[in-house]
Amino acid sequence: MSSKLLRHREVREAIASRIASGDLAPGDRLPSERDLQEQFSCARSVIRQALAALARDGWILSSNQRGYTILGPRIPWISRLRLLSDQPLDLSIDDVLQDVAPDDVAEALMIPVGSPVIVRESHISSSASGERWSGGASYYPTQGLGSDAIAILMKPSEINYDDLEAAYGRRILGYHEIIRARTPTRAETRAFEISDRHPLIEVRRTSRTASSPVSAFTFIGRADRFEADYLIQA
């Protein structure tokens, strides 16, 4: 590995560290290429490589002739499904396997049908009664991932967005989410022990980076147990 490439990574990591610590806050203008070149005592080409990597990974946003604007740690937009009661629950990881992407998942992840993916299946149930309240499946494209990244996605315990960013080496900048109510399939009436007219809530969420989606998640839960709870900040 050339010293030039190592220098580019050093500059990128130094600027990212300043953003993560709050030294460079969301909305701030990044210093000019000339100023950064002087700060890091390196060639202009090294600075440009570092800035391109930071933009690709979602730390900064190009503002054309105005330079770059700091985006901050992660998009300040959170949605989650919240239980309608205070009953204790259990989250169980049912299966983690390597498979190929079905049509709807391939479309969401913008990959060819049949591309390799990791599938993680889970469900939520009542701690007291064992009653099943939800089921879910997450799909992660594996094309181009190394063994360390695969190991993160295949671990038997729950994974979070920090794990995803570590596996793909890119930051999650936003989500595409579809929420709808529907009646259950025959298999779902058996799994949830409900009637065929009992309403379910279905959430399909795609997590996106600056370059491509990194996960497609489908959550199906009993509508009498969950509600969608959103926080949207300016």
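What are the residues in the stretch 124-142 that are without any contact (Cβ under 8 Å) to a residue 60 or more places away in the chain and either under 28 Å from LEU83 (Cα atoms) or in contact with a Ser or Thr (Cβ under 6 Å, 6 or more places away or on another chain) (or both), if any? SER125, SER126, SER127, ALA128, SER129, GLY130, listed by residue number. A single entry from ARG222, ARG205 fulfils the requirement of being more than 19 Å from VAL105 (Cβ to Cβ) and among the basic types (Lys, Arg): ARG222. Considering only residues of the stretch 80-115 that are over 16 Å from GLY136 (Cβ atoms) and among the β-branched types (Val, Ile, Thr), which is surrounded by the most Cβ atoms within 10 Å (Cβ to Cβ)? Checked the stretch 80-115; the qualifying residue surrounded by the most Cβ atoms within 10 Å (Cβ to Cβ) is ILE111.
Within the stretch 21-34, take every residue that is open to solvent by 70 Å² or more (accessible area, probe 1.4 Å) and not hydroxyl-bearing (Ser, Thr, Tyr) and give me the one that is farthest from the chain's Cα centre (by Cα). Quick ask: steps written out before the conclusion?
Initially, the stretch 21-34 is screened for residues open to solvent by 70 Å² or more (accessible area, probe 1.4 Å), giving 21, 23, 26, 29, 34.
Narrowing the set further to residues that are not hydroxyl-bearing (Ser, Thr, Tyr) leaves 23, 26, 29, 34.
Details: ASP23: 25, PRO26: 20, ARG29: 26, ARG34: 34 Å.
Ranking the candidates gives ARG34 first.
Of all residues in the stretch 182-211, those being in contact (Cβ under 8 Å) with a residue 40 or more places away in the chain and in contact with a helix residue (DSSP H, G or I) (Cβ under 8 Å, 6 or more places away or on another chain) number 6.
If you go through the stretch 4-17 one residue at a time, do you hit one that is among the charged types (D, E, K, R) and crowded, with 16+ Cβ neighbours inside 10 Å? Let's see the steps before the verdict.
Pass one, the stretch 4-17, residues among the charged types (D, E, K, R): 4, 7, 9-10, 12-13.
Applying the additional criterion that residues be crowded, with 16+ Cβ neighbours inside 10 Å yields 7, 12.
Checked against the condition, which is being among the charged types (D, E, K, R) and crowded, with 16+ Cβ neighbours inside 10 Å, the stretch 4-17 yields at least one hit.
Of the residues in the stretch 177-217, how many are open to solvent by 30 Å² or more (accessible area, probe 1.4 Å) and either under 27 Å from the mean Cα position of the chain (by Cα) or of a type in the set (Val, Ile, Thr) (or both)?
Narrowing the stretch 177-217 to residues open to solvent by 30 Å² or more (accessible area, probe 1.4 Å): 177-183, 185-187, 190-191, 193, 195-199, 204-205, 208, 210-212, 217.
After this cut, where a residue has to be either under 27 Å from the mean Cα position of the chain (by Cα) or of a type in the set (Val, Ile, Thr) (or both) as well, the list is 177-183, 185, 204-205, 208, 210-212, 217.
Adding up the residues that qualify gives 15.
Please indicate, with yes or no, whether at least one residue in the stretch 79-95 is free of Cβ contacts under 8 Å to residues at least 12 places away in the same chain, of a type outside the set (Gly, Ala, Ser) and over 23 Å from THR185 (Cα atoms). So far as the stretch 79-95 goes, yes, one or more of its residues are free of Cβ contacts under 8 Å to residues at least 12 places away in the same chain, of a type outside the set (Gly, Ala, Ser) and over 23 Å from THR185 (Cα atoms). Against the list (1) surrounded by 14 or more Cβ atoms within 10 Å (Cβ to Cβ); (2) touching a Leu at 6+ places or on another chain (Cβ under 9 Å); (3) under 28 Å from ALA52 (Cα atoms), the condition GLU165 fails is (2).
The values are calculated or read from the model by the stated rules, or taken from the named source; none is laboratory data. All values reported here derive from a predicted model rather than from experimental measurement. Heads up, the Cβs are rebuilt from the backbone with ideal geometry, glycines too, and the neighbour counts pull from every protein chain shown. Keep in mind that these areas ignore ligands, DNA and RNA; they rest on the heavy atoms of the full protein, side chains included. Shrake-Rupley method; radii C 1.70, N 1.55, O 1.52, S 1.80 Å.
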